[in-house]
Amino acid sequence: MSTAATTFVHRLEPGTDAALPPLLLLHGTGGDESDLIPLGRMVAPGATLLSPRGAVLENGMPRFFRRLAEGVFDEEDLRRRTDDLAAFLREMQARHGLAAPVALGFSNGANIAASLLLRQPGLLRGAALLRAMVPYADPPAARLDGTAVLVLSGTADPIVPAANSGRLAAILRDAGAAVTHQALPLGHGLSQMDVALTRDWLQTL
Ligand code: MLT
């Protein structure tokens, strides 16, 4: 019988420091399970890294859920894929004795991390959302007290309007999460600023 864990190609890189929460690495469109491993190592040396590959293909490019157009999500698919990812995560936690992870998502991966926070509150210890958008037109009500969230947006991001990332931060804050939002003078791509800020934020957890 196939299990949730078999539905996601993934890498699990055991850490050397059991005191650190594991990182759940969620890549952007066209990435794969190896993409964010170097970033994970830079921001949390010694942490266990769990990195699944998105199971949806868009013109051959892996993603975590379907979209109808750029920035327009297939919300039914997003709900289903979010729950699949949650099942995978629970199974990996049980099998490998992993603590609640901190998600580190970029772009499409940050969007499903935001969806995980809202649909599966309590599953993640926290989340660093790099270039994320509000995932639902009508986001589900969630209680996120005790969950830490870092939102790093780019003021020159052509994909995520500044108001959208501000709204995402407000939704998560209203849900009770401890949200740090920084708007960086950047576009959609990541930079050393993202690395440094994410590393510093992780050290505060
Ligand atoms: C998405 O589809 O999740 C966002 O538009 C980000 C992207 O993958 O380009």
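The values are calculated or read from the model by the stated rules, or taken from the named source; none is laboratory data. Bear in mind that the values here come from a model prediction, so they are computed numbers and not experimental data. Ideal geometry is used to build each Cβ from the backbone, glycine not excepted, and the neighbour counts take in all protein chains shown. For the accessible areas, the whole protein counts, side chains as well, though only heavy atoms, and no ligand, DNA or RNA atoms are used. Shrake-Rupley method; radii C 1.70, N 1.55, O 1.52, S 1.80 Å.
Backbone amide hydrogens, once placed in the peptide plane, bring residue 151 within less than 5 Å of 129, 180, 181, 182, excluding anything fewer than 5 places away on its chain. Surface composition of segment 118-162: carbon and sulfur atoms hold 54% of the protein heavy-atom accessible area at a 1.4 Å probe.
Under 5 Å between amide hydrogens, built in the peptide plane, is the criterion, and for residue 103 it picks out 24, 125, 126, 127, 128 among residues at least 5 positions away or on other chains.
According to the square roots a ≥ b ≥ c of the eigenvalues of the Cα gyration tensor, what is the shape class of the chain, taking rounded for a/c under 1.5, prolate for a/b larger than b/c otherwise, and oblate for the remainder? Please list the in-between numbers first.
On the way: a/c = 1.30, a/b = 1.11, b/c = 1.17.
Rounded shape, in that the Cα axes give a/c under 1.5.
For segment 85-99, the residues whose amide N sits under 19 Å from a probe point set 7 Å from the Cα of residue 9 along the beta carbon direction are 85, 88-89.
Summing charges over all other residues whose Cβ lies under 14 Å from the Cβ of residue 51, with Lys and Arg as +1 and Asp and Glu as -1, gives -1.
Computed packing ranks the peptides 96-109, 155-168 as 96-109, 155-168, most packed first, by mean other Cβ atoms within 10 Å. Our helix-only sum for the chain, with -39,500 (n - 2.57) per DSSP H run of n ≥ 4 divided by its residues, gives a mean residue ellipticity at 222 nm of -10500 deg cm²/dmol.
Which percent, to the nearest 5, of DSSP beta bridges fully inside the chain are antiparallel? Write down the numbers at each step before the final one.
Values: 9 of 32 bridges.
Bridges in the chain that DSSP calls antiparallel: roughly 30 percent.
Length gain on complete extension for the stretch residue 191 to residue 74, per 0.36 nm per residue less the alpha carbon to alpha carbon distance?
Between residue 191 and residue 74, full extension yields an extra 39.2 nm.
Per residue, segment 11-61 exposes 43 Å² of accessible surface when a 1.4 Å probe is rolled over the protein heavy atoms with every protein chain present.
Over what distance in Å are the Cα centres of segment 141-205 and segment 82-99 separated? Between the Cα centre of segment 141-205 and that of segment 82-99, the gap is 24 Å.
What full-extension length gain, to one decimal in nm, is calculated for residue 57 and residue 143 as 0.36 nm per residue of separation minus the Cα-Cα distance? It would help to have the intermediate numbers written out before the result.
Working: separation 86, 0.36 × 86 = 30.96 nm, distance 3.20 nm.
Gain on extension, residue 57 to residue 143, equals 27.8 nm.
So, counting K/R as plus one and D/E as minus one, what does the shell of residues with Cβ under 10 Å around residue 186 add up to? Working shown, then result.
Values: positive: 131; negative: 157, 194.
Summing Lys/Arg as +1 and Asp/Glu as -1 gives -1.
Compute a Gaussian network model of the chain, connecting alpha carbons closer than 10 Å, and tell me which residue from 12, 36, 25 fluctuates the most. The residue with the greatest mean-square fluctuation here is 12.
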